[in-house]
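The block underneath contains the structure these notes are about, expressed in structure tokens.
The values are calculated or read from the model by the stated rules, or taken from the named source; none is laboratory data. Please read these numbers as outputs of a predicted model, since none were measured by experiment. Positions of Cβ are backbone-derived with ideal geometry, glycine not excepted, and every protein chain shown enters the neighbour counts. Ligands, DNA and RNA are stripped out before the accessible areas are found, and what is left, the full protein with its side chains, is counted by its heavy atoms. Shrake-Rupley method; radii C 1.70, N 1.55, O 1.52, S 1.80 Å.
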Protein chains: 2
Amino acid sequence: MKKVKIPEATIARLSVYSRFLNRMEKNGVDTVSSGEIAKGTASNSAQVRKDFAYFGGFGKRGVGYDVIDLNRNIKEILGLNKEWRAIIVGMGNLGKALAYYHGFSTRGFKIMGLFDNDPQKIGEKIDTLTVQDDQVMEKFLDNNEIDIMILTLPAEYTQAVVDRVEGKGIKGILNFAPTVIHASEGTQIRNVDLAVHLEVMSYNLTHSINKEQE
Amino acid sequence: MKKVKIPEATIARLSVYSRFLNRMEKNGVDTVSSGEIAKGTASNSAQVRKDFAYFGGFGKRGVGYDVIDLNRNIKEILGLNKEWRAIIVGMGNLGKALAYYHGFSTRGFKIMGLFDNDPQKIGEKIDTLTVQDDQVMEKFLDNNEIDIMILTLPAEYTQAVVDRVEGKGIKGILNFAPTVIHASEGTQIRNVDLAVHLEVMSYNLTHSINKEQE
DNA sequence: TCCTCCTTGTGATAATTCTAACATATATTG
DNA sequence: CAATATATGTTAGAATTATCACAAGGAGGA
Ligand SMILES: NC(=O)c1ccc[n+]([C@@H]2O[C@H](COP(=O)([O-])OP(=O)(O)OC[C@H]3O[C@@H](n4cnc5c(N)ncnc54)[C@H](O)[C@@H]3O)[C@@H](O)[C@H]2O)c1
Ligand SMILES: NC(=O)c1ccc[n+]([C@@H]2O[C@H](COP(=O)([O-])OP(=O)(O)OC[C@H]3O[C@@H](n4cnc5c(N)ncnc54)[C@H](O)[C@@H]3O)[C@@H](O)[C@H]2O)c1
């Protein structure tokens with residue numbers, strides 16, 4: 001599906017570069033070099049240029065990159081020129097934190113619905129949305145075109161929820177529960193495991209690994 | 001500092017394996033094969049065995065791995081046999097979610113203190129802890145041996161907080177703000193960037209990348 | 001004891017990803 | 001307009017990481 005296989009690490013870095021460029025834009029900077037991007041994103045200049053090179057040349061030799069132009073290009077590569085519509089299932093601590101967070105909408109991800117099965121939580125207003133009964137989720141998905149489902153519920157219930165939305169048009173699932181889930185072929189699944197970060201840190205500290213954060 | 005360089009990806013997987021083994025333990029399973037571990041953690045059996053092989057042989061040929069024994073070994077490798085003491089700075093949406101989460105303490109990470117600079121939040125009780133004034137953080141760190149600082153505050157304030165705890169014994173920083181921070185050499189910094197996950201997903205969906213999630 | 005079955009541990013190989021170096025293009029200065 | 005300085009784009013090579021294939025160890029049955 002692609003001429004050259006592009007490293008996922010490159011895509012992840014593009015996302016970081018783009019948000020760095022946002023800050024530059026806001027600061028009125030209009031040109032940056034690969035070295036400056038590297039410094040601002042804990043990367044290195046060769047890596048930055050290589051990452052861009054996968055998609056063609058965005059810069060001017062001897063000069064650098066036009067901040068606005070480069071950022072527009074990256075966002076287009078990432079598919080952020082369209083609006084992605086998402087729901088959050090499980091309005092506990094983490095679900096609420098995500099629902100209140102405005103950082104996603106500024107990147108093109110719009111939270112369209114919030115669901116929970118706890119009567120205490122149903123009806124609660126969170127920001128501009130009201131938590132809906134988990135039972136109406138299927139109907140909601142029939143009536144609204146939703147791309148992404150964010151799962152913030154206990155591990156043991158995630159698979160059941162995934163099964164229920166089968167064929168309802170969900171294209172990607174962002175799963176915060178520490179468990180493997182299975183969806184139909186073609187559905188993107190990404191697992192976010194916060195404990196892993198702490199445990200890798202524990203390992204590094206225990207074994208005195210000095211990650212050269214440069 | 002190590003004989004062989006062990007891939008960070010291996011360490012991250014060990015964390016996932018270990019939590020899968022926790023579930024097996026709870027279910028009363030006493031032996032697992034690399035294939036079963038692979039299935040339960042979205043890995044593959046060769047990878048699982050290779051990961052273990054970095055640290056020696058934990059299994060019995062023809063039989064598999066003793067669940068309890070293997071899990072104990074992994075936890076020791078990860079440094080989870082000791083208690084890690086952490087504080088959270090920034091008790092907004094995300095900070096609260098982390099503070100209420102009990103999943104970390106069961107892995108050996110104990111939240112010792114919560115800090116914020118918003119008078120509205122100072123004094124608020126969260127679980128068993130009370131949010132303290134950010135101003136007393138240095139004193140708190142002098143009086144308590146804290147290993148890890150979790151940062152859940154707006155990007156623009158993170159570096160200032162990091163600077164203030166310099167030399168106070170913090171060994172690792174888990175940063176949720178989307179910005180690069182600098183700490184003295186030897187301090188582990190790990191950045192958790194949730195937006196990256198969504199944006200990589202956006203890229204994959206846009207370009208019809210079918211990540212074979214086994 | 002010998003034979004069969006099963007699953008690990010591992011060395012060889014393949015694939016992926018990063019790093020370094022430099023030729024090329026652009027701007028600027030005198 | 002030539003000379004110089006600067007930063008990109010790209011190619012080649014190094015390093016890291018994952019996959020494969022199979023020999024060897026161990027259990028159990030005849
Ligand atoms: N909070 C954190 O900091 C954190 C960190 C790492 C991982 N996680 C994971 O994220 C998930 C959520 O964590 P949390 O702390 O928000 O938990 P929580 O218990 O606060 O929230 C879970 C919510 O899911 C709802 N729920 C349960 N079953 C449901 C169903 N079938 N349909 C709809 N809603 C349902 C519950 O009513 C509850 O509101 C868990 O899997 C947890 O392991 C959380
Ligand atoms: N909430 C999310 O889902 C989410 C997702 C991705 C990234 N993040 C990042 O995590 C961070 C926190 O997000 P949030 O949604 O919890 O924000 P928030 O605004 O709800 O919370 C931030 C908290 O930090 C406190 N604070 C500010 N300056 C401080 C200081 N100097 N010392 C102590 N406390 C201070 C504020 O009083 C507030 O309580 C942000 O950087 C955000 O970009 C959050």
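Structure notes:
- Couplings for region A:74-91, taken from phi via the Karplus curve 6.51 cos²θ - 1.76 cosθ + 1.60 with θ = phi - 60°, read 4, 4, 5, 4, 6, x, 8, 7, 10, 9, 9, 9, 10, 10, 10, 10, x, 9 Hz in order; Gly and Pro are left as x.
- Summing Cβ point charges (Lys, Arg +1; Asp, Glu -1) relative to the Cα centre of the protein assembly as shown gives a dipole of roughly 1240 debye.
- In chain A, Cα pairs under 8 Å separated by at least six residues give a relative contact order of 14 percent.
- Across peptide A:83-94, the mean count of Cβ atoms from other chains lying within 10 Å of each residue's own Cβ comes to 2.
- Label-to-label distance, B:VAL136 versus B:ASN44, with points set 7 angstrom from Cα along the beta-carbon direction: 5.5 nm.
- When both bridge partners sit in the protein assembly as shown, DSSP labels roughly 20% of those beta bridges antiparallel.
- Pairs spanning more than 21 Å between alpha-carbon atoms, out of A:LYS125/B:LYS96; A:LYS75/A:LYS96; B:LYS26/B:LYS75; A:LYS96/A:LYS125; A:LYS50/A:LYS75; B:LYS75/B:LYS96: A:LYS75/A:LYS96; B:LYS75/B:LYS96.
- Of all chain B C-beta atoms, the nearest to the rotation axis linking B with A is recorded, alongside its rounded Å distance, as B:ALA97, 2.
- For region A:15-30, 3J(HN,Hα) computed residue by residue from phi via the Karplus equation (6.51, -1.76, 1.60; θ = phi - 60°) reads 4, 5, 4, 4, 6, 5, 5, 3, 4, 4, 3, 4, 7, x, 6, 10 Hz, glycine and proline entered as x.
- At an R0 of 30 angstrom, the distance between the Cβ atoms of B:PHE55 and B:HIS102 translates into a FRET efficiency of 0.55.
- Computed magnitude of the charge dipole of region B:84-196 (debye, nearest 20; Cβ of K, R +1, Cβ of D, E -1): 400
- Between region A:114-129 and region A:146-214, the alpha-carbon center distance in angstrom: 23
- Fully extending the segment from A:SER208 to A:ASN27, taken as 0.36 nm per residue of separation minus the present Cα-Cα distance, adds 61.3 nm.
- Estimated purely from DSSP H runs of n ≥ 4, each contributing -39500 (n - 2.57), the mean residue ellipticity at 222 nm for chain B is -12000 deg cm²/dmol once divided by its residues.
- Using θ = phi - 60° in the Karplus curve 6.51 cos²θ - 1.76 cosθ + 1.60, the 3J(HN,Hα) couplings for region A:197-207 round to 4, 5, 6, 5, 4, 4, 4, 4, 5, 5, 9 Hz; x is entered for Gly and Pro.
- Neighbouring partner chain Cβ atoms per residue of B:99-112, average, 10 Å criterion: 2
- Residue separation of A:ARG164 and A:ASN81 scaled by 0.36 nm, minus their Cα-Cα distance, works out to 26.9 nm of gained length.
- Environment charge of B:ASP66, counting only residues whose C-beta is closer than 9 Å and scoring Lys/Arg +1, Asp/Glu -1: -1
- Inverse mean reciprocal Cα-Cα distance (Kirkwood Rh) of the protein assembly as shown, Å: 23.1
- Summing charges over all other residues whose Cβ lies under 10 Å from the Cβ of B:GLY90, with Lys and Arg as +1 and Asp and Glu as -1, gives -1.
- Rounded to 5, the percent of DSSP beta bridges in region B:1-155 classed as antiparallel: 30
- Other-chain or far-sequence residues with amide H under 5 Å of B:GLN132's (modelled H): B:LEU114, B:PHE115, B:ASP116, B:GLY123
- When the Cα positions of B:PHE140, B:VAL32, B:GLY92 are compared along the charge dipole of chain B, B:VAL32 comes out farthest toward the positive end, with charges on each C-beta of Lys, Arg, Asp and Glu.
- B/A buried area, accessible surface, summed, 1.4 Å probe, Å²: 6100
- Cross-link pairs A:LYS168/B:LYS39; A:LYS110/A:LYS171; A:LYS110/A:LYS168; B:LYS82/B:LYS168; B:LYS60/B:LYS82; A:LYS5/B:LYS5 - those with Cα-Cα distance over 22 Å: A:LYS168/B:LYS39; B:LYS60/B:LYS82; A:LYS5/B:LYS5
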